[in-house]
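The values are calculated or read from the model by the stated rules, or taken from the named source; none is laboratory data. Since we're looking at a predicted model, the values are computed, not measured. Neighbour counts run over all protein chains shown; Cβ positions are idealised from the backbone, glycine included. Please note that ligands, DNA and RNA were not included when accessible areas were found on the heavy atoms of the full protein model with its side chains. Shrake-Rupley method; radii C 1.70, N 1.55, O 1.52, S 1.80 Å.
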Amino acid sequence: MPGERDDVLSALGLTLPEEKVSDAHEFIISLDGALHQEWGPFANERGCRGQLWQHRDLLHLYRSTKASERDYFVNLRDLKDAAREYIESPWLHNLYLDWVFLDALTAGEIVVAMEKLQIAKLGFVYAICDGVAWKLALWRWVSPLVSLLEWFAPAALAIYFSSLSPWVFWLAGVYYATALVFLITWLGWRIRLLIRRQPTPAQRLMKIVDEAGRAYHSLAGPILHLPSIIKAFENATVNGVTFDHITYYILDHVSKKNPAVWDTNLRDSAPEGAQQSRFVVHP
């Protein structure tokens, strides 16, 4: 819609061919929607004047939001579609948008990995608690009691209901035999991993999240140091992190520009000589 998000286009200082003005509007509006989903934790930032994206504190995100909200952190599919359109549209290229895509794509992938990690570690408990930090902390206190009940409650119930039927003890025996088989199997699996010095799937995922987090931290700004960012992403890749190829493409694209100054400030992203009060239309 013409006029909507003119603040962003104006700050970007893009020099647009006249026939591309409408396309630029639609692109920014679509990108804004992918970054700020209706049910997500940053829905109130959608359409926020003078702002398009902010680097996120992911630890604070997990302390202050629910898993059901984090499912809408960003729309990765739409964001990747927007990134492909951006790459194919040289008239949109801008250092600020380069950073927006790098930061949002990396954060989105980390949040997806962190959700998988929490599910791997906590299983159905994570879903029941909706990933809420205080509920999970409470579960960590309660879970030892639940484990004790799992072992002692069936025996207590069998004794209590023994007068009704002798089959009660048989059922309790089946329960304990099954539980013992699962326990022995789990212990054997853990011992094999220790002997082979292999990490568990959750530990492998945790390492990937940590390495990706270090790369993401390099994008925090407000001043961005390109060699440090490239090195951080290379280190993460060497340590098993697989970023989307769009991320690598944008990094290569920025490195070819070799900007003297690169920051995360929208209003400072216009190229030298471009108008700041409105976006530039080239007839």
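Before moving on, here are some points about what is shown:
- For the residue pairs Lys80/Lys231; Lys66/Lys257; Lys80/Lys135; Lys20/Lys66, the alpha carbons lie more than 28 Å apart in Lys66/Lys257; Lys80/Lys135; Lys20/Lys66.
- Farthest toward positive dipole pole in the chain [+1 Lys/Arg, -1 Asp/Glu at C-beta], among Ala113, Ala43, Leu183: Leu183
- Percent accessible area from carbon and sulfur atoms, segment 92-246, protein chains only, probe 1.4 Å: 71
- Taking the Cα centre of segment 1-131 as reference, the dipole from Cβ charges on Lys and Arg (+1) and Asp and Glu (-1) amounts to some 680 debye.
- Shape of segment 121-201, Cα gyration tensor, a/c cut at 1.5: oblate
- For the chain, the longest principal axis of the Cα atoms and the long axis of helix 21-35 meet at an angle of about 20 degrees.
- Tilt relative to the chain, helix 201-217 - C-alpha long axis, 0 to 90 degrees, to 10: 20
- Each of the trypsin sites (Lys or Arg not before Pro) that DSSP puts in a loop and that has at most 13 other Cβ atoms within 10 Å breaks the chain; the longest unbroken stretch is 50-196.
- Probing with 1.4 Å while keeping every protein chain in the model, the per residue accessible area of segment 1-122 equals 44 Å².
- With R₀ fixed at 41 Å, the C-beta to C-beta distance from Thr237 to Trp39 puts the FRET efficiency at about 0.80.
- Look at where the Cα atoms of segment 151-173 and of segment 90-116 average out, and the two centres are 57 Å apart.
- With respect to the chain, whose longest principal axis is taken over its alpha-carbon atoms, helix 226-238 is tilted by about 30°.
- Taking the square roots of five times each eigenvalue of the Cα gyration tensor of the chain, the equivalent ellipsoid has semi-axes of 52, 21, 14 Å, listed largest first.
- Shape of segment 172-232, Cα gyration tensor, a/c cut at 1.5: prolate
- Sites Lys257 and Leu145, calculated FRET efficiency, Cβ-Cβ separation with R0 45 Å, nearest 0.05: 0.15
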